[in-house]
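The values are calculated or read from the model by the stated rules, or taken from the named source; none is laboratory data. Note that this is a predicted model, so its numbers are computed, not measured. No Cβ is skipped: glycine too gets one built from the backbone with ideal geometry, and neighbour counts run over all protein chains shown. In case anyone asks, the SASA skips ligands and DNA or RNA and just uses the protein heavy atoms, side chains included. Shrake-Rupley method; radii C 1.70, N 1.55, O 1.52, S 1.80 Å.
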Amino acid sequence: MADRPYTLLSCGMSIDGYLDSAGPSRLRLSNEADFDRVDAVRARCDAILVGAATVRSDDPRLLVRSAARRAERVASGRPPSPAKVTLTRRGDLSPTAAFFTAGDSDRLVYCPTGAAGELRQRLGGAATVVDTGARGDIPVRTISEDLSARGVDRLMVEGGGTVLTQFLTADLADELHLVVAPLFVGDSRAPRLVGDGCFPWHAGRRAPLVGVRQIGDVVLLRYALSDRFSDEHPDGER
Ligand SMILES: NC(=O)c1ccc[n+]([C@@H]2O[C@H](COP(=O)([O-])OP(=O)(O)OC[C@H]3O[C@@H](n4cnc5c(N)ncnc54)[C@H](OP(=O)(O)O)[C@@H]3O)[C@@H](O)[C@H]2O)c1
């Protein structure tokens, strides 16, 4: 088994590179056809990872929506939806979040040593809290390798920007699905696609663009980010 899962980053952004608005309500960047494509991508993964800020702000369910896709997974011996994974430093997660209450997928919460005890108490049996032994920030490679040891072969990382930045700068991403929505946010308080960092793809090393697809009013860009990239689903419905 590889030491880390095949890792696909998937997100949508505005034309000016924002993942959301600066306001409290979630900005709808994509359209129904693209949400369905993302659903197909989810259905092919073993686990979906989002940052704790996304769990708090968007309250995502992170389930496969299509009954047919869930049935297909079950027929092949897998649970109806992938496992859900998040990471937190502070441990500020509520057991009432849809991450914990929706569906019956396995749920994993990675945290540093200092937060593990209290978080286990707060979440009760709603999730497996993994004490990574880290003192502060958890290296995302640690999470990646632990997921691999738990049998996760395909990991989908859906954001937000803090998490995407770390998977990219740690060179742990095999593929990027980037959807560009036809709108501007125009507010620097809003979360950006990525933060500062030393990225493996830059002016001297351009990421291979392996697909461009218009989906209604959005466009899907697919980049191959490692030599493990495999093109089984060239339409992006990986
Ligand atoms: N457009 C899209 O496709 C898309 C997708 C997902 C999210 N979003 C948007 O993105 C925004 C949130 O993004 P964000 O960048 O602010 O946050 P994020 O990446 O969702 O989560 C960041 C949080 O994750 C935890 N974390 C991150 N790295 C960690 C590490 N190495 N070790 C331990 N914990 C770590 C920390 O949680 P604690 O604070 O609990 O310590 C941190 O505050 C929301 O507005 C959401 O709507 C958009």
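Estimated purely from DSSP H runs of n ≥ 4, each contributing -39500 (n - 2.57), the mean residue ellipticity at 222 nm for the chain is -7500 deg cm²/dmol once divided by its residues.
For region 1-139, averaging the sequence separation of C-alpha pairs within contact (under 8 Å, six or more residues apart) and dividing by the residue count gives a relative contact order of 18 percent.
Whenever you get a sec, compute what percent of the accessible area on region 121-212 sits on carbon and sulfur atoms (1.4 Å probe). Carbon and sulfur: 50 percent of the exposed surface of region 121-212.
Remark: region 188-201, residue by residue, has Karplus-estimated 3J(HN,Hα) of 5, 7, 6, x, 8, 3, 9, x, 5, x, 9, 9, x, 10 Hz, where x stands for each Gly or Pro and the curve is 6.51 cos²θ - 1.76 cosθ + 1.60 at θ = phi - 60°.
Per-residue SASA remark: residue 39, around 0 Å² accessible (1.4 Å probe; ligands, DNA and RNA not included).
In sequence order, region 211-224 has phi-based couplings of x, 9, 9, 7, 10, x, 8, 10, 10, 9, 10, 10, 10, 8 Hz under the Karplus curve 6.51 cos²θ - 1.76 cosθ + 1.60, θ = phi - 60°, and Gly or Pro positions carry x.
Taking only protein heavy atoms and a 1.4 Å probe, the accessible area of region 22-75 is 52% carbon and sulfur. For region 22-80, the per residue solvent-accessible surface stands at 50 Å², with DNA, RNA and ligands left out and a 1.4 Å probe.
The candidates 86, 101, arranged from most to least accessible area with a 1.4 Å probe in the full protein assembly, appear as 101, 86. In region 182-235, the inverse of the mean reciprocal separation of distinct Cα atoms equals 14.0 Å; this is its Kirkwood hydrodynamic radius. Projecting the Cα atoms of 40, 148, 111 onto the charge dipole of the chain (Cβ charges, centred on the Cα centre) puts 111 farthest toward the positive pole. Rounded to the nearest 20, the size of the Cβ-charge dipole of the chain about its Cα centre is 360 debye, with Lys and Arg at +1 and Asp and Glu at -1.
Evaluating 6.51 cos²θ - 1.76 cosθ + 1.60 at θ = phi - 60° for every residue in region 31-41, the Karplus couplings come out as 10, 4, 4, 6, 4, 5, 4, 4, 4, 5, 5 Hz, glycine and proline recorded as x. Compactness of region 132-235, taken as the C-alpha radius of gyration over 2.2 N^0.38 Å, stands at 1.20. Kindly identify region 58-106 as rounded, prolate or oblate by the Cα gyration tensor criterion: order the square roots of the eigenvalues as a ≥ b ≥ c, call it rounded if a/c is under 1.5, otherwise compare a/b with b/c, prolate if a/b is larger, else oblate. Because a/c hits 1.5 or more and a/b exceeds b/c, region 58-106 counts as prolate.
Rounded to the nearest 5, the antiparallel percentage of DSSP beta bridges internal to the chain is 35%.
Of the residues 200, 177, 223, the one whose Cα sits farthest towards the positive end of the charge dipole of region 159-238 is 200 (charges of +1 on Lys and Arg Cβ, -1 on Asp and Glu Cβ, taken about the Cα centre). Dipole size of region 162-221 about its Cα centre, with +1 on Lys/Arg Cβ and -1 on Asp/Glu Cβ: approximately 140 debye, rounded to the nearest 20.
Annotation: amide H-H contacts under 5 Å for residue 9 (H modelled 1.01 Å from N, sequence separation of 5 or more, or interchain): 157, 174, 175, 176, 177. Rolling a 1.4 Å probe across the protein heavy atoms gives region 124-238 an accessible surface of 50 Å² per residue. By definition, a body whose alpha carbon gyration tensor gives a ≥ b ≥ c is rounded when a/c is under 1.5, and the chain falls into this rounded group. In terms of the Cα gyration tensor, with a ≥ b ≥ c the square roots of its eigenvalues, is region 1-136 rounded because a/c is under 1.5, prolate because a/b exceeds b/c, or oblate? Oblate, since a/c reaches 1.5 and b/c is not below a/b.
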